[in-house]
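A.B. asks: Structure incoming, see below.
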Amino acid sequence: MPPLSDAIHYLLHPDELRWILQWQMTYRPLYRRDETQETPNVKKCFTYLDKTSRSFSTLIQELHPELRMPICLFYLIARGLDTIEDDTSIPAKKKELALRDFHSNLETDGWHFTENRPQEKDRALLLDFDCVIQEFKLQKPVYKDIIRDIIRRMGHAMADYCLRAESDGPGIDTRDDYDEYCYFAAGVVGEGLTDMFLEAKFYRPPPALQDGRRLQVSMGLFLQKTNIIRDIKEDADDGRRFWPRAVWSKYVRDFEDLLDPEHRLAALNCGSEMVLDALEHVPECLSYLTGVQEQSAFNFCAIPQCMAIATLTLCFRNPDVFVRNVKITKSEACRLMMESTRDLQTVCDVFKRYIRVIRRKNASHDPNFLKIITACDKIETFIESNFPLETAKSIMPKELARVFKLGSLEATQGSRKLTKKQTELGNNFTV
Ligand SMILES: CC(C)=CCC/C(C)=C/CC/C(C)=C/COP(=O)(O)OP(=O)(O)O
């Protein structure tokens, strides 16, 4: 039963209710888990996935069976590593060793980690890590190698970052450091997922477009940078700062000033530069999506990207970002999920819609005003020239036309039924 305040809100905004109902009544996943065929240990892994992930749990559970379990394990293992990195109570030397060594424990029976402080959110996963290890051992060697290699690289980068923070204090210095941090937090995840998609034949790198590796890295960077922009207040309250000094020092003297109402205008202008930096990844993300050949993988890739552009737009020149955690509405999330599970053309339309909102919010007194216009122009031109309108589909290169068709064909197949999980996805999606 929704709270009375929600009921009143939707009575006053019936348009918003429309998207929630439409999502609930029409969305049907292409694949579902069949719990009757799962071992208790597999079920346990998915329970941990549900407990530890706000936005990826449902997307992973609805993936094609070939990649569902490998990607679930990839998430849980990366989450385990992150839980060691996040815990400020672990002494630096101990943390460094644990991070560097993490990848080598993935097939060690009974290995678990007990050093997290009791209040660490996902501590239970590391205490019970043997369930992940037992399932990891059963996966195809090629997926195990991909996961182990990415976790090794992430672990070493996190250890280096943790040592640097010990000596130089928390925070990120230059724009290159910022890109490097985001690369090891999310760009490498894009690389690992792409290797898995390639192996499963769910992805074909788009031929005539940009350097393939850049595209998969941009997919992760766009998500990570959007989170970093959105979470500035929450991160600062936890003693973490990811906005690079090279950017914020142009606007305020001390990092803390960004959160001070007296410096709100400077903080908003600084936020614009951060948004501008994230927007520069958009053309590469859209290029990447042209190569995704399988619908459940397309949904898995496209939904977070659409949620991210919506979140970035919400954060753009929004003073609330410096006061509290901002979040797109449930109705907007439902609309985005409807749209991003169709086809590439619809995803491009979503991006164009948000780019228009960014243009409207752009302020002429902002020092980034002209650069924001240029970034928006670049995205729109990119969409218009690479992904022509519906009517032009027939004259499109075969490669692209196939991708466009794939989404709309599969999305209209079969009956549609609401599951509890889909409603939760609409409730919880916060990229
Ligand atoms: C090629 C391709 C698909 C690239 C995308 C790579 C990818 C998924 C990177 C992870 C980025 C990210 C910010 C995750 C947030 O996880 P979180 O801890 O906030 O997760 P939660 O929202 O589920 O809790």
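A.B. asks: Which of the residues belonging to the stretch 167-203 are assigned to a helix (DSSP H, G or I) and within 19 Å of T83 (Cα to Cα)?
C.D. replies: Y181, C182, Y183, F184, A185, A186, G187, V188, V189
A.B. asks: Next question, about the same structure. Looking at the stretch 122-132, is at least one residue assigned to a loop (DSSP other than H, G, I, E, B), open to solvent by 10 Å² or more (accessible area, probe 1.4 Å) and within 14 Å of the ligand (Cβ to nearest atom)?
C.D. replies: Among the residues of the stretch 122-132, at least one is assigned to a loop (DSSP other than H, G, I, E, B), open to solvent by 10 Å² or more (accessible area, probe 1.4 Å) and within 14 Å of the ligand (Cβ to nearest atom), which makes the answer yes.
A.B. asks: Conditions: (1) within 16 Å of the ligand (Cβ to nearest atom); (2) surrounded by fewer than 20 Cβ atoms within 10 Å (Cβ to Cβ). A246 meets all but one. Number of the miss?
C.D. replies: Checking A246 against (1) within 16 Å of the ligand (Cβ to nearest atom); (2) surrounded by fewer than 20 Cβ atoms within 10 Å (Cβ to Cβ), the one that fails is (1).
A.B. asks: Here is a follow-up. Within the stretch 187-199, does at least one residue satisfy the condition of being open to solvent by less than 20 Å² (accessible area, probe 1.4 Å) and away from the ligand (no atom under 14 Å from the Cβ)?
C.D. replies: No, every residue in the stretch 187-199 fails to be open to solvent by less than 20 Å² (accessible area, probe 1.4 Å) and away from the ligand (no atom under 14 Å from the Cβ).
A.B. asks: Give the number of residues within the stretch 258-273 that are in contact with a helix residue (DSSP H, G or I) (Cβ under 6 Å, 6 or more places away or on another chain) and within 16 Å of D231 (Cα to Cα).
C.D. replies: 5
A.B. asks: Let me ask another. Across the stretch 262-313, which residue is most open to solvent (accessible area, probe 1.4 Å) among those that are more than 18 Å from P244 (Cβ to Cβ) and without any contact (Cβ under 8 Å) to a residue 40 or more places away in the chain?
C.D. replies: E262
A.B. asks: Looking only at the stretch 45-54, filter to residues that are charged (D, E, K, R) and either at pLDDT 95 or above or closer than 21 Å to E191 by Cα (or both); which one of those is least open to solvent (accessible area, probe 1.4 Å)?
C.D. replies: Out of the qualifying residues, it is D50.
A.B. asks: Can you tell me which of K327, K378 is assigned to a helix (DSSP H, G or I) and within 26 Å of W248 (Cβ to Cβ)?
C.D. replies: Only one candidate passes the filter, namely K378.
A.B. asks: Residue check: is L258 under 27 Å from R360 (Cα atoms), in a helix (DSSP H, G or I) and in contact with a Cys (Cβ under 6 Å, 6 or more places away or on another chain)?
C.D. replies: Criteria not met by L258.
A.B. asks: Can you find a residue in the stretch 144-156 that is among the charged types (D, E, K, R), open to solvent by less than 20 Å² (accessible area, probe 1.4 Å) and part of a helix (DSSP H, G or I)?
C.D. replies: Checking the stretch 144-156: not a single residue is among the charged types (D, E, K, R), open to solvent by less than 20 Å² (accessible area, probe 1.4 Å) and part of a helix (DSSP H, G or I).
A.B. asks: Let me ask another. Can you name the residue in the stretch 200-213 that is open to solvent by less than 60 Å² (accessible area, probe 1.4 Å) and closer than 26 Å to P141 by Cα and, of all such residues, is nearest to the ligand (Cβ to nearest atom)?
C.D. replies: Y203
A.B. asks: Could you count how many residues in the stretch 214-243 are outside any loop (DSSP other than H, G, I, E, B) and within 11 Å of the ligand (Cβ to nearest atom)?
C.D. replies: Residues flagged as outside any loop (DSSP other than H, G, I, E, B) and within 11 Å of the ligand (Cβ to nearest atom) within the stretch 214-243 amount to 15.
A.B. asks: Which one of the conditions (1) among the small types (G, A, S); (2) assigned to a helix (DSSP H, G or I); (3) open to solvent by 10 Å² or more (accessible area, probe 1.4 Å); (4) away from the ligand (no atom under 16 Å from the Cβ) does A159 fail to meet, given that it meets all the rest?
C.D. replies: (3)
Condition check ((1) more than 16 Å from the ligand (Cβ to nearest atom); (2) open to solvent by 50 Å² or more (accessible area, probe 1.4 Å); (3) more than 25 Å from G239 (Cα to Cα); (4) touching a Ser or Thr at 6+ places or on another chain (Cβ under 7 Å)) across all residues:
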| position | (1), (2), (3), (4) |
| --- | --- |
| F56 | no, yes, yes, no |
| Q61 | no, no, yes, no |
| I71 | no, no, yes, no |
| G80 | no, no, no, no |
| A92 | yes, no, no, no |
| A98 | yes, no, no, no |
| T108 | yes, yes, yes, no |
| F113 | yes, no, no, no |
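Here's the yes/no breakdown for (1) touching a Ser or Thr at 6+ places or on another chain (Cβ under 9 Å); (2) of a type outside the set (A, V, I, L, M):
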position	(1), (2)
E294	no, yes
N299	yes, yes
T313	no, yes
V323	no, no
K352	no, yes
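The values are calculated or read from the model by the stated rules, or taken from the named source; none is laboratory data. Please read all numbers here as calculations on a predicted model, not as lab measurements. Here Cβ is always computed from backbone atoms with ideal geometry, including for glycine, and neighbour counts include all displayed protein chains. With ligands, DNA and RNA removed, areas are computed over all heavy atoms of the protein, side chains included. Shrake-Rupley method; radii C 1.70, N 1.55, O 1.52, S 1.80 Å.
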